1. Pick from Met259, Met235: which is in contact (Cβ under 8 Å) with a residue 60 or more places away in the chain, under 16 Å from His181 (Cα atoms) and touching a Pro at 6+ places or on another chain (Cβ under 7 Å)?
2. Determine whether Phe253 is over 22 Å from the mean Cα position of the chain (by Cα), modelled with pLDDT of 95 or more, within 22 Å of Gly309 (Cα to Cα) and not in a strand (DSSP E or B).
3. Output the number of residues of segment 67-86 satisfying the condition of being modelled with pLDDT under 70 and not in a loop (DSSP other than H, G, I, E, B).
4. Just one of (1) modelled with pLDDT under 90; (2) surrounded by 11 or more Cβ atoms within 10 Å (Cβ to Cβ); (3) small (Gly, Ala, Ser) trips up Gly129, so point out which.
5. Being touching a helix residue (DSSP H, G or I) at 6+ places or on another chain (Cβ under 6 Å), in contact (Cβ under 8 Å) with a residue 40 or more places away in the chain, more than 16 Å from Leu307 (Cα to Cα) and surrounded by 14 or more Cβ atoms within 10 Å (Cβ to Cβ) is the requirement here; does Leu212 meet it?
6. Among the candidates Ser194, Ser175, single out the residue that is in contact with a Leu (Cβ under 8 Å, 6 or more places away or on another chain) and at pLDDT below 95.
7. Please go through segment 313-332 and pick out each residue that is among the aliphatic types (A, V, I, L, M), in a helix (DSSP H, G or I) and more than 15 Å from the chain's Cα centre (by Cα).
8. Considering only residues that are touching a helix residue (DSSP H, G or I) at 6+ places or on another chain (Cβ under 8 Å), crowded, with 16+ Cβ neighbours inside 10 Å and not hydrophobic (A, V, I, L, M, F, W, C), which ones fall in segment 277-317?
Amino acid sequence: MKTYKRLSAEEREEISILISKLGSRKAVALAIGRDPSTITREMKRYPQEYSEYRAYIAQKWAKERRKTACRPRTLNVNKRLQGYVFEKLRLFWSPEQIAKELKKEYREDATMHISHESIYSYLYVLPRGELRKELLSYLRQRKQVRKRRKNLNRPRQEQIPDLISIDERPKEVISRIIPGHWEGDTLVGKYHDSALGTLVERTTRTTILVPLKKKDTVSVAKAFARELKTLPKQMKLSMTYDRGREMIAHKLFTKKSKMKVFFAHPQSPWERGTNENTNGLIRQFFPKGTDFNNVSRKEIKWAQDLLNGRPRKVLNWEKPYEAFNRLVALGV
């Protein structure tokens, strides 16, 4: 079995001479007795700002790479930083959220700064074991591309009486300038026997999770209105919902909450994009197949607090609760 040897300074000198004479990387590899892939990797690693391959530059960069490879990882050396990162991971923060929050919280302390790439890199090189398994379990799963479903034999949706179309929704809702406009939905549980209501405010991305003891339309309308009852008046302007039958009692919801309900077009989830994205985040806590009958209100509100208490890129790394409270204080 052959063992790989790094290119020497002398070999790099030969490459710099032969590459201009022979042109072909295969020919250069043959001339110095190396595999063509070795020459290809060498050329790819060579700094792009230099137009021609020079042996002394290539050698210098090779030494720098070796130094970096041997350098201990920041999170192994800085235990204080490691503790902070682990703490936030256990709150289901993403590495990017952690990196941004560190810069905000420790503006003057560079030893407490780390890039999200470094956090990811650290996690994936951890030796196999319980710690690695635990920490990786907190990372958000990548979204899988949904296959387009065929409309063949699709059961006709139950008509919602006196619905108000999203087309009649005020233009200010689209701009997100004025807060108080919400999007709503329900996540269905195991065997379709249970459900969880989800509400998200379009401007601040504040999320409210609604425990549902019953799935009938009257119970759903009352539960949604009850969760919104304590909000300031200026934060209860409207709600946009899909055409699911659970909101058939939308008039009852409007009566109790004083919020008008607008309905999206059939099979148009992008018209409630904020809610669709939020549902994906919620599934990190309650995966598909969760029986919500076995999930306590305390657990549901714990997940709600975690979602609203972590910084969001879309809010310029402000937390939803912070953005919501700031706007309430301003009386917007």
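The values are calculated or read from the model by the stated rules, or taken from the named source; none is laboratory data. Bear in mind the structure is a predicted one, so any value in this text is a computation, not a measurement. FYI the Cβ positions are ideal-geometry reconstructions off the backbone, even for glycines, and counts take in every protein chain you see.
1. Details: Met259 fails: touching a Pro at 6+ places or on another chain (Cβ under 7 Å).
Just a single option satisfies the conditions, and that option is Met235.
2. No; evaluated as a whole, the condition is false for this residue.
3. Residues flagged as modelled with pLDDT under 70 and not in a loop (DSSP other than H, G, I, E, B) within segment 67-86 amount to 4.
4. (2)
5. Details: touching a helix residue (DSSP H, G or I) at 6+ places or on another chain (Cβ under 6 Å): yes; in contact (Cβ under 8 Å) with a residue 40 or more places away in the chain: yes; more than 16 Å from Leu307 (Cα to Cα): yes; surrounded by 14 or more Cβ atoms within 10 Å (Cβ to Cβ): yes.
When the stated conditions are applied, Leu212 passes them.
6. Result of the check over Ser194, Ser175: Ser194.
7. Of the residues in segment 313-332, the ones among the aliphatic types (A, V, I, L, M) are 314-315, 323, 327-330, 332.
Imposing the further condition that a residue be in a helix (DSSP H, G or I) reduces the set to 314-315, 323, 327-330.
Correct list: Ala323, Leu327, Val328, Ala329, Leu330.
8. Answer for segment 277-317, where residues must be touching a helix residue (DSSP H, G or I) at 6+ places or on another chain (Cβ under 8 Å), crowded, with 16+ Cβ neighbours inside 10 Å and not hydrophobic (A, V, I, L, M, F, W, C): Thr278, Thr290, Asn308, Arg310, Pro311, Arg312.
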